[in-house]
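Beneath this line is the structure, given in structure tokens, with notes to follow.
The values are calculated or read from the model by the stated rules, or taken from the named source; none is laboratory data. None of these values were measured; they are calculated from a predicted model. Heads up, the Cβs are rebuilt from the backbone with ideal geometry, glycines too, and the neighbour counts pull from every protein chain shown.
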Amino acid sequence: MKNKKMIVIIIILVIVACAGIVLSVYLRNKPKNNPEDVLMQYANCINTQKYEEMYTLITTDSKNEISQEDFIKRNKNIYEGIEIENFNIEIKNIEKSGKNSIKITYKNSMDTMSGHIEFNNVANLEKNSNKEYEIKWSSNLIFPKLNEEDKVRVKTLEAKRGSILDRNGEYLATNGVASQIGLVPGKMSENKEEDIAKIAELLNMTVDGINDELSASYVKEDTFVPLKTVQKNATELKNKLLEIKGIKIIDEDERVYPLGESASQLVGYIQPINAEELKEKAGEGYTSTSKIGKYGLERVYESILRAVNGSEIYIEDSDGNKKTSIAKQEQKDGNDVKLTIDSNLQKNVYEQFKEDKSAAVAINPKTGEVLALVSCPSFDSNDFSLGMTTADYKALTENSNNPLYNRYLATYAPGSSFKPVVGAIGLTTKSFSAEEDFGRSGTKWQNDSSWGDFYITTLATYSGAANLRNALIYSDNIYFAKAAMKIGSEKLKTSLKSIGFGEEIKFAQTMNKSSFSNSENFVTETQLANSGYGQGEVLVNPIHMAMIYSSFVNEGNMIMPYLEYKENPSSATAQYYKEAVFSKEAANTIKGDLIEVVENPNGTAHSVKIEGKTIAGKTGTAEIKQSKDDNDGTEIGWFNAFNVGENDTNSLLIVSMVENVKGKGGSHYLLPKVKEIFGTY
């Protein structure tokens, strides 16, 4: 019995020993990692751009084929060059391909600058001496058809930005050709320093700036070094530059603005996108090389005009031939925007006012079409589009005339051009009648002694009744001061609000709100009286003024101005900003009186009379003083006019404003300018 037990024990010990040997052999040969985990770790490194860590996951044989530096460079250049995101691997099959090797078939997907990519691929993994699986690497692991001598290329498919056109199809902004001025160092003369000084002077650059460009790391003897882009038609400048050895001029595509300064405040310009804008536009397809509308209508219509470049990712072989396309995203051209602007009128208005700090608005008062918008002095959009030097930009921003300030979007004291508005309010509210005689008050008047030493003064001297017609013809300040007081502060405030004062008017460009008081009330009696003839604290935007004056054409309805062209517009289809702001009778009375301002020999705008045309208008000179004792204040001149003749085929309303007209004849300085515009329209 004891022998049997011993035999059993011996057998058990033998079995245990054998099992231990087997287990030991198994453990020595067991892989220390899973091949699928290695592949997933490799994929995660691509997503996190940990290229050094990727290199640790490949086999020794693979490392003998490519150095760590070259491995990192190849993977980094390809994956980051195509802007990879969301790199993902979905394992489809795992099979043994040898004693110590595994073959994994997987589906690879990723998002790139050219869209989403999906393809099937195979990864081979081998166990190393430490029994760890490593990836047998080659370029095929990046893309199946990519060999070691191949390159991955990215081609930008250029899209065209939409153009801005006027009502007749003339370009206000479009894609054209400019001239890029540059130097080829190896072709320069021995008098290099002297030549660079000449170039700097001609291009308004600094010598240091040019030398910095020439000393860039990429520059070789035969390199074309770009310095500045100028307009294609800058013939005289280009000829002078070409006299200097080493200068080279090449054509390049660029945004061009055919009307130049005459429309730049309206049209605006494009420039390279900045970091802040790129962040704000994230997810909208903009890149660090995009150009974007920065100002004017280029900015307003950016979403319509913008071109979205396409791109293609492809493999190029060692001979430079396209081998296969990996992904392609087609370009998307921008859409054109057609405006109501009349280029000829725009240029004409600009020519009349370009020497002045001024603003002018021209609309069709019956349809609302905006025909011209001018702010002077102006700048040239082409300068921004082509690339402005620091010196050029500094000169522009430090210009005392402030050419970057858009005056037709601002507000100004309207002076006597405001009188028709007060007259229309008085008639509509029945505060007085058109025939009512307010009584003669000479050239100096105050309501009572409570005004102290404050008086309303006027230059108007005329015989006859002090009624609305004569007060407009002769521009009588005292009459309209009395008119405002007859209307009363509450009624005047309510009426002004009803025509848009204090409101943000929706227009393509944001314009300042018109206002009648800093406190939204007429605080004193003298403020109310002053407001009657456009002084006090009254400020009006020129576009808004044109809208108000349109009511005298439209029997009391204020037109809504618009800039985007419509086919066959008419008064029947016109949209009004506000209807019946003045009674039909009041609007027609004011219109008749404004005709007399021009037709009557005594009218303040009689010099504008043109044979064969019937023009209605009102002058206005606003005094801008620091105090009532200020004798050195400036003056703002206005002249607002519209044609009403039966033979006028084109309806035109012009609101014009010029700063600093003191000593130039006040508002009369504007009359010949506006007359010229009406005469040629």
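So for region 554-571 (the condition being in a helix (DSSP H, G or I) and over 37 Å from the mean Cα position of the chain (by Cα)), does at least one residue qualify?
No, region 554-571 contains no residue that is in a helix (DSSP H, G or I) and over 37 Å from the mean Cα position of the chain (by Cα).
Of (1) under 30 Å from VAL267 (Cβ atoms); (2) not in a loop (DSSP other than H, G, I, E, B), LYS486 satisfies all except one. Which?
It fails just one condition, (1).
So SER519 clears everything in (1) under 30 Å from the mean Cα position of the chain (by Cα); (2) surrounded by fewer than 22 Cβ atoms within 10 Å (Cβ to Cβ) except one condition, right? Which one?
Result: SER519 passes all but (1).
State whether the residues of region 639-652 include one that is among the acidic types (Asp, Glu), in a loop (DSSP other than H, G, I, E, B) and surrounded by fewer than 17 Cβ atoms within 10 Å (Cβ to Cβ).
yes
Looking only at region 184-240, how many residues end up being within 25 Å of GLN271 (Cβ to Cβ), in contact with a Leu (Cβ under 7 Å, 6 or more places away or on another chain), in a helix (DSSP H, G or I) and among the basic types (Lys, Arg)?
Residues flagged as within 25 Å of GLN271 (Cβ to Cβ), in contact with a Leu (Cβ under 7 Å, 6 or more places away or on another chain), in a helix (DSSP H, G or I) and among the basic types (Lys, Arg) within region 184-240 amount to 0.
Any residue at all in region 332-350 that is small (Gly, Ala, Ser), touching a residue at least 40 places away in the same chain (Cβ under 8 Å) and surrounded by fewer than 21 Cβ atoms within 10 Å (Cβ to Cβ)?
Within region 332-350 (the criterion being small (Gly, Ala, Ser), touching a residue at least 40 places away in the same chain (Cβ under 8 Å) and surrounded by fewer than 21 Cβ atoms within 10 Å (Cβ to Cβ)), the answer is yes, since at least one residue qualifies.
Restricting to region 339-389, name every residue that is touching an Asp or Glu at 6+ places or on another chain (Cβ under 8 Å), aromatic (Phe, Trp, Tyr) and within 22 Å of LYS675 (Cα to Cα).
Passing the criteria: only TYR350.
Applying the selection to region 434-446, what residues are of a type in the set (S, T, N, Q) and either crowded, with 16+ Cβ neighbours inside 10 Å or free of Cβ contacts under 8 Å to residues at least 12 places away in the same chain (or both)?
SER441, GLN446
Under 21 Å from ASP593 (Cβ atoms), touching a residue at least 12 places away in the same chain (Cβ under 8 Å) and not charged (D, E, K, R): does that describe ILE499?
Judged against the criteria, ILE499 is a match.
Name the residues in region 241-277 that are of a type outside the set (A, V, I, L, M, F, W, C), within 16 Å of the chain's Cα centre (by Cα) and not in a strand (DSSP E or B), would you?
TYR257, SER264, GLN265, GLY268, ASN274, GLU276, GLU277, listed by residue number.
Can you tell me which residue in region 327-354 is farthest from VAL300 (Cα to Cα), limited to those that are of a type in the set (Asp, Glu), touching a strand residue (DSSP E or B) at 6+ places or on another chain (Cβ under 8 Å) and at pLDDT 95 or above?
ASP342
Please note which helices (runs of 4 or more DSSP H) are completely contained in region 41-118 and include at least 3 residues that are within 50 Å of the chain's Cα centre (by Cα), under 22 Å from LYS151 (Cα atoms) and at pLDDT below 95.
Once the helices (runs of 4 or more DSSP H) in region 41-118 are filtered for at least 3 residues that are within 50 Å of the chain's Cα centre (by Cα), under 22 Å from LYS151 (Cα atoms) and at pLDDT below 95, nothing remains.
For the list (1) at pLDDT below 95; (2) more than 16 Å from THR457 (Cβ to Cβ); (3) in contact with a Lys or Arg (Cβ under 7 Å, 6 or more places away or on another chain), I need the number of the one condition that VAL608 fails.
The failed condition is (1).
Which members of region 385-426 meet the condition of being at pLDDT 95 or above, under 19 Å from the mean Cα position of the chain (by Cα) and of a type in the set (Ser, Thr, Tyr)?
TYR405, TYR408
Which condition number does ALA282 fail, the rest of (1) more than 30 Å from LEU670 (Cβ to Cβ); (2) touching a helix residue (DSSP H, G or I) at 6+ places or on another chain (Cβ under 8 Å); (3) not charged (D, E, K, R) being met?
Only one criterion in (1) more than 30 Å from LEU670 (Cβ to Cβ); (2) touching a helix residue (DSSP H, G or I) at 6+ places or on another chain (Cβ under 8 Å); (3) not charged (D, E, K, R) is unmet by ALA282, namely (2).
Residue under question is SER129, and the condition is that it be exposed (fewer than 15 other Cβ atoms within 10 Å of the Cβ), out of contact with any Asp or Glu (no Cβ under 8 Å at 6 or more places or on another chain) and among the small types (Gly, Ala, Ser); does it hold?
Yes; evaluated as a whole, the condition is true for this residue.
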